[in-house]
Amino acid sequence: MAGSSYKPNVASAVIIANMIGTGVFTSLGYQLLDIKSGFVLIMLWVVGGITALCGALTYAELGAALPRSGGEYNFLTRIYHPLVGFISGWISATIGFAAPVALAAITFGSYLHAAIPVLNETWLAIGLIIVVTSAHVGGRKRSSNFQSVFTAAKISLIIGFCLLCGFMVDEVQPISFLPVAGDGALMIGSAFAVSLIYVNYAYTGWNSVTYLINEVDDAQRNLPKILITSTVTVMILYVALNFTFLLVAPMDALEGQVEVGYIAAQHVFGETGASAISFVLSLLLISTVSAMTIAGPRVLQVIGEDYSVFKRLAKKNADGIPSLAILVQSSIAVIFVLTSSFQSILLFSGFILGLNTIFAVSGLLVLRWRQPDLKRPYRTWLYPLPPLIYLGLMFWTLFYITKSQPKEAFIAAAIIIAGTIAYALARKFDRPA
C-alpha cells in the first residue's frame with residue numbers, strides 16, 4: 001500500500017501548493033481599486049481564511065464519512081443525485097483545475113518575463129504546463145518527490161521574502177493597519193464582497209486532497225488533520241505576504257497591477273534585486289501547477305470509473321497514475337492560456353468554484369439529517385457553525401458578483417447547462433455504476 005499511496009505530508013503539500021499560487025501574488029492590485037484601508041485589506045485575507053477553514057472543517061467530515069476520490073463529484077453524487085455530482089465533476093474537470101492551472105502558468109510567465117524580458121510570457125506558461133505534466137504522468141515516487149520539494153521551497157521562500165523586505169526596506173509606507181472610522185461600513189459593502197471573490201479564489205485548493213482520498217494513507221484518520229493544519233498554515237502566510245506588500249510599496253504603485261510581488265520587491269531591492277526576486281517568485285508557482293496536476297485529473301478518473309463512455313479517462317499506468325486524465329486536463333489548461341485574459345479566467349472560475357463548494361458544504365447538513373447513523377470517523381468541530389458561516393459568506397459574495405458582474409453568472413449557468421447535456425448523453429449510452 002505504501003508504494004501506491006501518498007503519505008500525509010505529501011497530501012498536505014498538495015493542499016498548500018494548490019492554495020498558494022496565483023491569487024496571493026496578483027489579487028491585491030485589484031482589491032486596491034476600491035479599498036484603500038490597510039485594516040480592511042488585511043481583514044479580507046483573515047475573513048477569506050476563516051471561510052476556507054470552515055469549508056475545510058466541513059469537508060473533513062464529508063471525506064471521512066464518504067471516503068472516495070473525486071471531491072465534490074463523489075460527495076454530491078452520494079448526497080443528492082448522480083446528475084448533481086456529474087455537473088460538479090464537469091465543472092471541476094473543465095474549470096475547477098484547468099483554469100487555475102492556466103492562471104498559475106500565466107503568472108509564472110509574467111514574473112519570469114519581468115526577470116528575463118527576452119523570454120515570451122505565453123510560451124513560458126505553456127512550457128511550465130508541459131514540464132509539470134511530464135513529471136506526473138510517470139511514477140508516483142517521482143510525482144511525490146517533485147511536489148514535496150517544490151512546496152517546501154515555496155514556504156521557505158515566502159518566509160524569507162517577508163523577512164528580507166522587513167529588514168531591508170529603507171522606509172515603510174505611512175499605512176495604518178488599525179481600524180478607523182468608515183472601515184465597518186466598508187466591510188459590509190459591495191467593494192468588500194467583490195474583493196472577497198479574489199481572496200476566496202486565492203484560498204481555492206483547501207479541498208484539493210479530497211480529490212485523491214483513495215490515494216492517501218489511512219485517509220479517514222489523516223484527512224481532518226491534513227485539511228485543517230494546511231489551511232491554517234496558508235492563512236498565516238497570506239496575511240504575512242499582504243502585510244509585507246502594503247508595508248513596503250505605495251498603494252498607487254500596486255493599484256490595478258498583476259505583479260504585486262515584483263513591484264514590492266522593486267521598492268525594497270531596486271530594479272536588479274527585483275528581477276532576482278521576480279525570478280524566485282516565478283519558481284513558487286511551479287508547485288501550484290504541480291499540485292493541481294496531481295489533484296484535478298482524479299475527477300476525470302472517477303467519472304471514467306462510473307460511466308463507460310468516459311472509461312478511457314479511468315485508465316491508470318502500472319503505478320496507479322491516471323495518465324490520460326492528466327494529459328486531458330493539461331491540454332484544456334493550454335487552451336485557456338492561448339485564448340483567455342487573466343482577469344476573465346480569475347473572476348469566472350472564482351464564481352463557479354464558489355458555487356460548487358456551496359452545494360458540497362450544504363451537503364453536510366443534508367447528510368446529518370438523512371443519515372444520522374452513518375459512521376463518521378470525524379465530526380465537524382462546533383457543528384453546525386462552520387458550514388453555516390461558510391455558506392453565509394459565500395452566498396453574500398456570490399450575490400454581489402452576480403449583481404456587479406452578471407456576465408460571470410451567465411457563463412456559469414451555461415457551463416451547468418452543458419454539464420446537464422453531457423450527463424444526459426452519458427446516461428443515453430451507459431447507466432452510471
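Only one residue in Phe177, Phe167 is of a type in the set (Phe, Trp, Tyr) and surrounded by 11 or more Cβ atoms within 10 Å (Cβ to Cβ), so which one is that?
Values: Phe167 fails: surrounded by 11 or more Cβ atoms within 10 Å (Cβ to Cβ).
That would be Phe177, the only listed residue that is of a type in the set (Phe, Trp, Tyr) and surrounded by 11 or more Cβ atoms within 10 Å (Cβ to Cβ).
Being in contact (Cβ under 8 Å) with a residue 24 or more places away in the chain, of a type in the set (Phe, Trp, Tyr) and surrounded by fewer than 24 Cβ atoms within 10 Å (Cβ to Cβ) holds for only one residue in Phe39, Phe25, Phe108, Phe97, and it is Phe39.
In segment 193-219, what count of residues is obtained for those that are closer than 27 Å to Ala265 by Cβ and either without any contact (Cβ under 8 Å) to a residue 12 or more places away in the chain or in contact with a strand residue (DSSP E or B) (Cβ under 6 Å, 6 or more places away or on another chain) (or both)?
Kept after step one, since they are closer than 27 Å to Ala265 by Cβ, are these residues of segment 193-219: 195-205.
Applying the additional criterion that residues be either without any contact (Cβ under 8 Å) to a residue 12 or more places away in the chain or in contact with a strand residue (DSSP E or B) (Cβ under 6 Å, 6 or more places away or on another chain) (or both) yields none.
Residues flagged as closer than 27 Å to Ala265 by Cβ and either without any contact (Cβ under 8 Å) to a residue 12 or more places away in the chain or in contact with a strand residue (DSSP E or B) (Cβ under 6 Å, 6 or more places away or on another chain) (or both) within segment 193-219 amount to 0.
If you go through segment 362-381 and keep only what is surrounded by 12 or more Cβ atoms within 10 Å (Cβ to Cβ) and either in contact (Cβ under 8 Å) with a residue 40 or more places away in the chain or of a type in the set (Phe, Trp, Tyr) (or both), you end up with Gly363, Leu364, Val366, Leu367, Arg376, Pro377, Tyr378, Arg379, Thr380, Trp381.
Scanning segment 109-126 for residues that are assigned to a helix (DSSP H, G or I) and in contact with a His (Cβ under 8 Å, 6 or more places away or on another chain) yields Glu121, Leu124. Taking segment 305-318 as the range and being touching a residue at least 60 places away in the same chain (Cβ under 8 Å) and surrounded by 15 or more Cβ atoms within 10 Å (Cβ to Cβ) as the test, the residues that pass are Glu305, Asp306, Tyr307, Ser308, Val309, Phe310.
Is it the case that some residue within segment 144-165 is closer than 21 Å to Leu300 by Cα and assigned to a helix (DSSP H, G or I)? Looking through segment 144-165, at least one residue is closer than 21 Å to Leu300 by Cα and assigned to a helix (DSSP H, G or I). Checked against the criteria, Gly127 does not count as buried (at least 23 other Cβ atoms within 10 Å of the Cβ) and at negative phi.
One residue alone among Ile95, Ile106, Ile129 is under 30 Å from Tyr423 (Cβ atoms), modelled with pLDDT of 85 or more and in a helix (DSSP H, G or I), and that residue is Ile129. Mind listing just one residue for me: the one in segment 63-92 that is part of a loop (DSSP other than H, G, I, E, B) and among the hydroxyl-bearing types (Ser, Thr, Tyr) and, of those, surrounded by the most Cβ atoms within 10 Å (Cβ to Cβ)? My answer is Ser69.
Just to be sure before I move on: is Asn74 in contact with a His (Cβ under 8 Å, 6 or more places away or on another chain) and among the polar types (S, T, N, Q) in the structure I sent? Taking the combined requirement at face value, the residue does not satisfy it. Selection of segment 204-228 for residues being in a helix (DSSP H, G or I) and either of a type in the set (A, V, I, L, M, F, W, C) or in contact with a Ser or Thr (Cβ under 7 Å, 6 or more places away or on another chain) (or both) yields Val209, Tyr211, Leu212, Ile213, Asn214, Glu215, Ala219, Leu223, Ile226, Leu227, Ile228.
Contact annotation: residue pairs with Cβ atoms under 8 Å, 6 or more positions apart or on different chains, pairing a residue in segment 220-237 that is at pLDDT below 90 with a partner that is among the acidic types (Asp, Glu) and crowded, with 21+ Cβ neighbours inside 10 Å, are Pro224/Glu61. Of the listed requirements (1) free of Cβ contacts under 8 Å to residues at least 60 places away in the same chain; (2) of a type outside the set (S, T, N, Q); (3) crowded, with 24+ Cβ neighbours inside 10 Å, Leu119 misses just one: (3). Within segment 23-32, is even one residue outside any helix (DSSP H, G or I), at negative phi and at pLDDT 85 or above? Yes, some residue in segment 23-32 is outside any helix (DSSP H, G or I), at negative phi and at pLDDT 85 or above. Scan (1) under 22 Å from Ala52 (Cα atoms); (2) at pLDDT 80 or above; (3) not charged (D, E, K, R) for the single condition Ala426 breaks and write down its number. Here Ala426 meets the rest and fails (1).
Take Phe310 and tell me if it is under 30 Å from Val194 (Cα atoms) and outside any loop (DSSP other than H, G, I, E, B).
no
The values are calculated or read from the model by the stated rules, or taken from the named source; none is laboratory data. A quick note: this is a predicted structure, and the numbers were derived from the prediction, not measured. Every residue, glycine among them, receives a Cβ derived from its backbone with ideal geometry; neighbour counts consider all protein chains shown.
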